[in-house]
Amino acid sequence: MIALSLPTEPVRERLRRASASLDLAELTGSPFAMSQALAEVARCHREMQATASAEAHFDAAVRWARLCGSNDHLADLLCELADASVRVSLAQDLRSMLPPEAGDAGDRPGGGHAARERARDHAFEVSQLVGRISDPACEARLLRVSEVLERCGDHADALQMQRRALDLMGGVAPRDPAVLSGFGRLADG
């Protein structure tokens, strides 16, 4: 059986505050307030290792962020949603390796495939938004999605994102992958 860590008191208190903020945001109907509150609830769930709940809340936060009109805000939330989707895929893959008597593991061979596909979709949406982001340090988002793609097993796409980030940082990206490997994995930094 997979052991989940019990939330510590500070995390439970943060979740209570985030839930109260979400209640208040629902009263105002502000898309930005809704996306912020949902994202904070998602972060609390992520910290408690409630991966599916974290992904669902980040997904809702992204839907509200689309109404805000801020590509920067949307890209940040999409990065977090992509990470949450990867975490779901890893948890599902782990459950699929358990024997069938351990619960629902037996009915999901390779369980994390759909979640990995969602993570890839979110990562590539971020890569499309980068050209429309006002933040001059947008290469950090490319490095974040590069890490997501690496965790999905998409090594070539991850490398491409790292190259784009290096190009944005001053055009220093080598075109030869053998040279790039000398820099180490940028997403691990």
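The values are calculated or read from the model by the stated rules, or taken from the named source; none is laboratory data. Being a predicted model, the structure only gives us computed values, none of them experimental. Methodologically, a virtual Cβ is constructed for each residue, glycine included, from the backbone with ideal geometry; neighbour enumeration extends over all protein chains shown.
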Close pairs from region 32-61: first outside any helix (DSSP H, G or I), partner not aliphatic (A, V, I, L, M), Cβ under 6 Å, at least 6 apart: MET48/PRO7; GLN49/SER5
Condition met for ALA60 (at pLDDT 90 or above and farther than 25 Å from ASP135 by Cα): no
Near pairs, Cβ below 8 angstrom, 6+ apart or cross-chain, from region 85-109 (modelled with pLDDT of 80 or more) to any residue that is of a type in the set (Val, Ile, Thr) and outside any helix (DSSP H, G or I): ALA91/ILE2; LEU94/ILE2; ARG95/ILE2
